[in-house]
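The values are calculated or read from the model by the stated rules, or taken from the named source; none is laboratory data. Keep in mind that this is a model prediction, so the values were computed, not measured. Virtual Cβ from ideal backbone geometry, glycine too; neighbours counted across all protein chains shown.
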Amino acid sequence: MGVILSTSERKGSARERLLARLLDTFGEALPPPEMSLREIAARIETSHALLRYHFGSLPGVLAAMLKTQRSRDNQALLEAARQGTFDDFVVAIWRTYTRPEQLSRARGFFYVVGLAAHGPEDFREFVESLGDLTVMLSSLAEREGLGTKEAWDVATVTIATIRGLLLQEVLAPGTRPEDVVTLILRMREDRSVPRSRPER
């Protein structure tokens, strides 16, 4: 006799399968906000009703896709965090999110962030996932000599700066400084964080 799944388990499994199809279809990109839920459903060969049931709306689809895509990115970035310095990790984050193929996702990210600013309760999982890079960067800053609070503050400002510069690139492509990473890292030059990897 097979295992009988609960309604929530069946729902979760179906949602995950739909999400996998969305990610397979759109790859690193996101559906543009002007694309309707019906058009997206047609692209992944499912029904509009199913997408609405599992994700609620187009923003719900985008938020779920973004969360999964960013989680995948973070797995790769985590390796950079384990093996490198604070500065190495900042460079890795910047390179990851400024690749040309990431532009569509950057636009989608800020679209969903804008909606979440008006209704954070509707995007709880997405909002909670936004602190993941700050946590990793803060851990590196502590490893390199900063106290817990200062490390968190430095990481918070660094990630906010990166996101602000990404928004500038979305709104006005080509206007960011060429040596932007150097400028970001210069913000902490007066800190007492060692520049080299600590001895093990």
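Overview of results
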item: Any helices (runs of 4 or more DSSP H) falling wholly within segment 123-187 and containing at least 3 residues that are charged (D, E, K, R); result: 124-129, 132-143, 148-171
item: Members of segment 96-143 found to be within 11 Å of the chain's Cα centre (by Cα) and of a type in the set (Phe, Trp, Tyr), listed by number; result: Tyr97, Phe109, Phe110, Phe126
item: Filter result for the condition that a residue is aliphatic (A, V, I, L, M), modelled with pLDDT of 85 or more and more than 19 Å from the chain's Cα centre (by Cα), over Leu183, Leu146; result: Leu146
item: Every residue from segment 81-102 that is over 20 Å from Ala160 (Cβ atoms) and part of a helix (DSSP H, G or I); result: Arg82, Gln83, Pro100, Glu101
item: Cβ pairs under 6 Å, 6+ apart, first in segment 133-152 and surrounded by fewer than 20 Cβ atoms within 10 Å (Cβ to Cβ), second modelled with pLDDT of 90 or more and among the small types (Gly, Ala, Ser); result: Thr134/Ala155; Glu142/Ala151; Trp152/Ser138
item: Selection count where residues are closer than 20 Å to Leu78 by Cβ and either among the basic types (Lys, Arg) or without any contact (Cβ under 8 Å) to a residue 24 or more places away in the chain (or both), scope segment 102-132; result: 4
item: In segment 79-98, the residues that are free of Cβ contacts under 8 Å to residues at least 40 places away in the same chain and either within 23 Å of Gln168 (Cβ to Cβ) or surrounded by 19 or more Cβ atoms within 10 Å (Cβ to Cβ) (or both); result: Ala80, Ala92, Arg95, Thr96
item: Count of segment 81-104 residues which are modelled with pLDDT of 85 or more, under 21 Å from Leu66 (Cβ atoms) and polar (S, T, N, Q); result: 2
item: Residue that is within 28 Å of Ser139 (Cα to Cα) and in a helix (DSSP H, G or I), where the choices are Ala20, Ala49, Ala117, Ala41; result: Ala117
